[in-house]
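In what follows, a single structure is set out as structure tokens and then discussed.
The values are calculated or read from the model by the stated rules, or taken from the named source; none is laboratory data. Keep in mind the model is a prediction, meaning the values are calculated, not measured. Cβ placement follows ideal geometry from the backbone for every residue including glycine, while neighbour counts extend to all protein chains displayed.
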Amino acid sequence: MLVGRVAFIFVLISCIDLSNADCPKVKTNMESWDWSPLSGVQVQFTNTTTRDGNSKWTVHLCNGVYSNLHDYGTFTGGAGSIKFHQPSDTFYMMYENGDRGQGCETNARQADVYIHCQGCPSYLEQSNSACNLQSAPCVCAAYDTGCVGEVHMVVNCPVGIPNYRKGFDVYDASTGIEEDISKVVIKDGEVMPGWTDEDIPSVAHDRAVIPGDVSSAVFYLMMADEDLQGLPASQEVDAPDVFTDQPHILAVTMSGSAARGGLVDTRDMLMLQLDFHCYQTGLADVHVEISFANQYYPCDFAFTYECGMGESGSDKSNAFTVFVMVSFLLIVAFCVMGCAYNYSVQQRRGEDIIPGIEYIHMARDLAEALMSRSGGVGGFSSTSRRGGDSTEGYQTL
């Protein structure tokens, strides 16, 4: 557990060139980062704590860490010396082989340097309030924990370079999207123009937009039959993550062979079907993320759906429901007003107060006559309205 115990009196930042302080590239399955532009960056600061006293720290990125009290070692640059931690966008650098004085005779001092790309972490109980992305590189907190020095820094980290899955493609088989929008949604693991994420939904001419009269969209996940640069011709994909930024407007459900993930190769592809259910009129952004069990950078594409701006099945259903409800209310109002009029003005009683009761009787008599006639033709007995039995229709055996 990390506990900050630092009260800072000032921070001094400077950058110098150190010829022997080359920062390496960091690579994971999904991304890689080139730290070489930050080689030789030096950060100095002073802090006062009850335990550390008035200590002055100096951090040379990818070189060394020391204070006015101790030498915490150097950065070797070997395997495991710098690591990337998710999901907080934090890099860890290990400095080793520092001094062996004052209780560290057996194990030399070392430094654990945490480089935070999004600002000082909230879990530090005390941190330098002046340290942020605008003042970076700077130190959030630093303290001595026996033979280990712990340093938390903020740095404008290098931009990660995605490791896309070459050969993995996604094809749009939906209808209604403008012809100038590419049907190839993902090519070699990378999203194509028109299908990128946006902050707000739009219907711009260069944006993939599915109109409201299209109730479902279909996408095919496949592996291209081409040069894969030594990569396998098949790829396991996780279940897609599908969501919308406007859940009060639109809900999206998915089905098809790709809904739970599976294996795609050059011969077999997976189908993903998205069904749209609108709650109200408006634009909604739909996001689809396809990942590869952290083997490659995930594929993330998006499009806009137009709710209530076409005659989709959901829109028709909503209109029909409204029509039925309005009709029912009108009929009830007519009956109530008619009954009241017949009772108070016409002095009618019983079933005679019902508006149009005579027409109801006529319709009933006509229906019974038709049923009696059909019974005679079909060979079935019937009973008259007055209770008498009729033998018409019986056949002589």
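Details
- Among residues of segment 188-226, those that are assigned to a loop (DSSP other than H, G, I, E, B), more than 17 Å from HIS287 (Cβ to Cβ) and hydroxyl-bearing (Ser, Thr, Tyr), counted: 1
- Test result for LEU250, modelled with pLDDT of 95 or more and out of contact with any helix residue (DSSP H, G or I) (no Cβ under 6 Å at 6 or more places or on another chain): yes
- Single match in ASN97, ASN107 (criterion: in the same structural domain as THR46 (by TED's automatic domain parsing) and at positive phi): ASN97
Matching residues to (1) assigned by TED's automatic domain parsing to the domain that holds PRO298; (2) not in a strand (DSSP E or B):
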residue: GLY149; (1), (2): no, no
residue: ASP169; (1), (2): yes, no
residue: ILE177; (1), (2): yes, yes
residue: ILE181; (1), (2): yes, yes
residue: ILE186; (1), (2): yes, no
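- Test: residue in segment 120-128 that is charged (D, E, K, R), surrounded by 15 or more Cβ atoms within 10 Å (Cβ to Cβ) and in a loop (DSSP other than H, G, I, E, B): no
- Segment 90-119, residues that are crowded, with 21+ Cβ neighbours inside 10 Å, within 29 Å of the chain's Cα centre (by Cα) and either small (Gly, Ala, Ser) or under 23 Å from HIS70 (Cα atoms) (or both): ILE115
- Just one residue in the set GLY212, GLY176, GLY256, GLY230 is on the phi > 0 side of the Ramachandran plot and surrounded by 14 or more Cβ atoms within 10 Å (Cβ to Cβ); that residue is GLY256.
- Segment 75-89 - residue that is out of contact with any Cys (no Cβ under 9 Å at 6 or more places or on another chain) and not in a loop (DSSP other than H, G, I, E, B) and, of those, surrounded by the most Cβ atoms within 10 Å (Cβ to Cβ): PHE84
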